[in-house]
Each structure stands twice: as structure tokens, then as C-alpha cells.
Amino acid sequence: MIRQLNRLYWLAYGCVVYLLYLVARHLVGMEIDNAILAALCIVFGVLFAGHAVFHAGGFALSLSVRQLPQVRDQKLPFQKAAEQGIRPLTPWGWFKAIWFESCASFALISWLQPWARHIDRIELADKAWRQTKPLPVLLIHGYLCNAAVWSSTRQRLAKLGVSTSAITLEPAIGSIRAYSEVIAQAIEDLKAATGAPRVKIIAHSMGGVALRYSVTEHGHANIDSVLTIGSPHYGTALSTLGVGKNVRQMAWASPFLKRLREHPADREFQGKITSIWSGQDNIVSPPCSSMLEFGQNLLINGSGHVALISHPIVTDWIEHWLVDAPVAYKQPVAG
């Protein structure tokens, strides 16, 4: 669904480029090459500027929403201490946050999600059989995304000798409960393909919540450890701007998330999770909603929601987390 929707955007882009070309060629009198170049520059310049304005507004809205009494006075067990750890940004810091978030989202929506190939398959990084190696990694995307969000991550992991699998959660605006079986099956498939005893998982945004719910139905014996990146574990007050059952389930202090946290398996599973979160998240508001009460938490200042995936601290953390302790494998079954 997301791939088809993003490809429809390109149809609209093409129509606008053609109209601008006609204006430049026949009304302004520009040469063909110059008319085409001008049309392309205008369209993609306006698109990028639109991303920048959208994300600047998102950062501002996130800052304002977290001051509302119903958000500010929720009194999460760690909320006060977490907010004290958030470092205020300088104007230059805000400019960089908006710039990198705009670049990340522009590349994702305009190129990766509609056109990246082979995004949902298992990729074996090392075909030569070795008895010990890093555990394979399952990658789970967030709301209104697809597996292409992990394109650069998978390239880095392949260079580290790590096998990966990425899945696309459908329906895109369905219930988080509907993703449970897909996630559990993806774990089994990755184990079978690699011969690994367990898998590691990296989940962005809604993917972290979907994984936690899946564990309440299928357990976590096959999961070694998890990184969640910008996941709204306690919900987000900006959920009212989205559409779909899944976004309502991720509302700030929603009944769905409350029941999830109260499940005995979830509290135990949190011990395997490190939650990486940004103090200036433009989607998760308040940002400390990404923290876990019984897991580990890593605060990064100055990053937006999508850009957090490729933040240098996050990529360094992933590398150390993955290759730190190679484990024993069994020979996978051929075929």
C-alpha cells in the first residue's frame, strides 16, 4: 500500500514537471534543455522546502503539545528525571535537526519507499559456513513506512557479516494486533535460513510497539535482544494527526498500551530491550514516552524521528551491539 501510494506521488510530480516545462518552453521561450532543468529544479526544490516546513512545524507542535496539562501531568514513573536529561538546542542545533530530518524523510518517501528493490527478502551476508558469527537481525519499520526504511542499515550490517531480514507490515493503517503473526513468522524464517539459535531485532517507531505486542502472543524465547528506535512505548500526543486503528492504539496513554504494559510477558521482555530515543522527537511527544520502565534507555539529543535511524551514535551502538559476542550456529537445512 505504501509503495503504491508513494509511486502515485511520482505521477503527480511528473504531471507538474511537464506543465512547468510547457510554460518555460512556450511562454517564457527557454531552450528545451533549460526548460526541463528549470521544471525539475522547481518541483524538487518546492518538495524539499515542503518537507522542511512540515518538519519545522512538527518540531514546534511536539514542543507545544507536551506542555498541555493532560500530557505534562501524566506523571510517568521516570518522566521528570527524563525531561531533566534533555539538553536544550541552540538555533543552529534546531536548524541541523530540521535539515537532517528533512533529508531523511525526503529520501525515504521520494525514492526508497517507492523504488527500492528486494526490500522484504532475507539477505545472507556470508555464504561461507562459519560455526560462530553474529546473530542475524530482523528489522521492523514504523507507521506509514515499509521495509525500505532499512536500506542503508542493511548495507552497513552486510559489511559486518550480519544476515538480515526486513518485513513490511500490512495493512498500513490496520490494527497493531494484526502484525503479530507476521513478526513471529519472520523470526522463525530468519532462524531457519541462517541456522542461528536466536535473532536480534531492530525496530523503529511503531515497530517497537508491534514487536512487544507480538511477544505477548508468541513469547520471546527466539529473541536474543532488541533495539527500539523512537518507539512510542507510552504513546504520543500527536497521534490525533494520523489515520488508522494502529495510530489510535499509539495515542498518549491509550488503553491498548496500558494493557500491553500490564501483561506479564511484556515486563519480562523489556529486560531484553534498549530503547534509543531523541529528546527533540518531532513525532513522539512527549519524547520520554519512548523510554521503558524495565528496559535500558539511551537518550540522544538533537535528532528528528526518521533521522534517528542513521544518527552516528545509533549506528555506532548497533555495530557494537551486533558484533560484540558471536554465537554458535548450526548448519541450516538446505533449500
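Taking 13 Å as the straight-line reach from the Cα of residue 133, the aspartates and glutamates in range (excluding those fewer than 8 positions away in the same chain) are 324.
Placing +1 on each Lys and Arg Cβ and -1 on each Asp and Glu Cβ, with no other charges, gives the range 142-261 a dipole about its Cα centre of roughly 320 debye.
Would you mind giving the average projected area, over all directions, of the Cα convex hull of the range 176-335 in nm² with one decimal? Please list the in-between numbers first.
Details: hull surface 38.7 nm².
Approximately 9.7 nm², given one-decimal rounding.
Within the chain, the selection of entire DSSP H helices by a Cα span of 20 Å or greater along the long axis and an average Kyte-Doolittle value of at least -0.5 returns 2-22, 32-65, 91-107, 180-194. For each pair in 191/272; 200/330; 200/258; 200/272; 200/245; 245/272, compute the distance between the two Cα atoms and list the pairs where it is over 21 Å. From 191/272; 200/330; 200/258; 200/272; 200/245; 245/272, over 21 Å: 200/258; 200/245; 245/272. Among 207-219, 31-43, 225-237, sorting by the average number of other beta carbon atoms lying within 10 angstrom of each residue, highest first, gives 225-237, 207-219, 31-43. Packing here is the average count of other Cβ atoms within 10 Å per residue, and on that basis the peptides 144-152, 91-99, highest first, run 144-152, 91-99. Here the range 24-61 and the range 245-302 have alpha carbon centers that stand 38 Å from each other.
You can think of it this way: the chain between residue 296 and residue 49 has 85.2 nm of extra reach, that is 0.36 nm per residue less the Cα-Cα gap.
If a spin label sat at a point 7 angstrom from the Cα of residue 122 along the line to its beta carbon, the backbone N atoms of the range 195-235 nearer than 14 Å would be those of 195-200.
Keeping every protein chain present and rolling a 1.4 Å probe, give me the accessible area per residue for the chain in Å².
Numbers: 15850 Å² over 335 residues.
Here the per-residue accessible area is 47 Å².
Ordering 171, 202, 251 by the projection of their Cα atoms onto the charge dipole of the range 121-254, which places +1 on the Cβ of Lys and Arg and -1 on the Cβ of Asp and Glu, puts 202 at the extreme positive end.
Averaging the inverse of every distinct alpha carbon separation and then flipping it gives the Kirkwood radius. What is it for the chain, in angstrom units?
Taking every pair of different Cα atoms in the chain, averaging 1/r and inverting gives 21.1 Å.
Rounded to the nearest 20, the size of the Cβ-charge dipole of the range 183-335 about its Cα centre is 360 debye, with Lys and Arg at +1 and Asp and Glu at -1.
Probe radius 1.4 Å, ligands and nucleic acids ignored: give me the carbon and sulfur share of the accessible area of the chain as a rounded percent.
On the way: 9960 of 15850 Å².
Here carbon and sulfur together make up 63 percent of the probe-accessible area.
Model label points for residue 320 and residue 26, set 7 angstrom from Cα along the Cα-to-Cβ axis, are 6.2 nm apart.
The values are calculated or read from the model by the stated rules, or taken from the named source; none is laboratory data. As the structure is a prediction and not an experimental result, all values here were calculated from the model. Backbone-built Cβ (ideal geometry, glycine too); neighbour counts: all protein chains shown. Accessible surface areas use protein heavy atoms only, side chains included; no ligands, DNA or RNA. Shrake-Rupley method; radii C 1.70, N 1.55, O 1.52, S 1.80 Å.
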